[in-house]
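Q: Before we start, here is the structure in question, set down as structure tokens.
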Amino acid sequence: MKRMMRIVLLALLLTGCAGEKGIIDRDGYQLDTRHPAQAAYPRIKVLVIHYTADNFDVSLATLTDKEVSSHYLIPEQPPRYQHKPRIWQLVPEEDLAWHAG
């Protein structure tokens with residue numbers, strides 16, 4: 001019985017050490033992949049970098065809609081986790097994001 005309790009306790013401790021699902025710890029930043037865009041396709045033709053004047057929540061809602069998408073969303077002041085800024089990956093790099101216009 002004590003052995004079983006130790007195994008259960010060890011499993012709980014190891015589970016608590018696991019990273020947050022959808023958060024990837026990269027060198028120098030954390031990548032949040034929990035908000036996939038709906039408008040993504042398998043071929044990349046052009047890399048587009050642009051600024052949005054909308055706040056983060058509005059930008060996230062817009063870029064995960066069916067009309068437009070973006071590979072990454074980087075807030076003006078990204079939150080820090082474990083001393084690393086977090087950015088959001090909305091479309092996998094191997095897929096095409098759908099730019100407006």
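A short reminder: the numbers here are calculations on the coordinates, not readings from a lab. None of these values were measured; they are calculated from a predicted model. Please note: Cβ atoms are built from the backbone with ideal geometry, for glycine as well, and neighbour counts cover all protein chains shown.
Q: If you scan the stretch 46-73, which residues turn out to be within 24 Å of Arg26 (Cα to Cα) and either among the charged types (D, E, K, R) or surrounded by 14 or more Cβ atoms within 10 Å (Cβ to Cβ) (or both)?
A: Initial filter on the stretch 46-73 (within 24 Å of Arg26 (Cα to Cα)): 47-51, 56-57, 59-60, 63-64, 69-73.
If the condition is that a residue be within 24 Å of Arg26 (Cα to Cα) and either among the charged types (D, E, K, R) or surrounded by 14 or more Cβ atoms within 10 Å (Cβ to Cβ) (or both), then Phe56, Asp57, Ser59, Leu60, Leu63, Thr64, Ser69, Ser70, His71, Tyr72, Leu73 are the ones that fit.
Q: Okay, moving on. Are any residues in the stretch 74-100 under 16 Å from Leu31 (Cβ atoms) and aliphatic (A, V, I, L, M), and if so, which ones?
A: Scanning the stretch 74-100 gives Ile74, Ile87, Leu90, Val91, Ala97.
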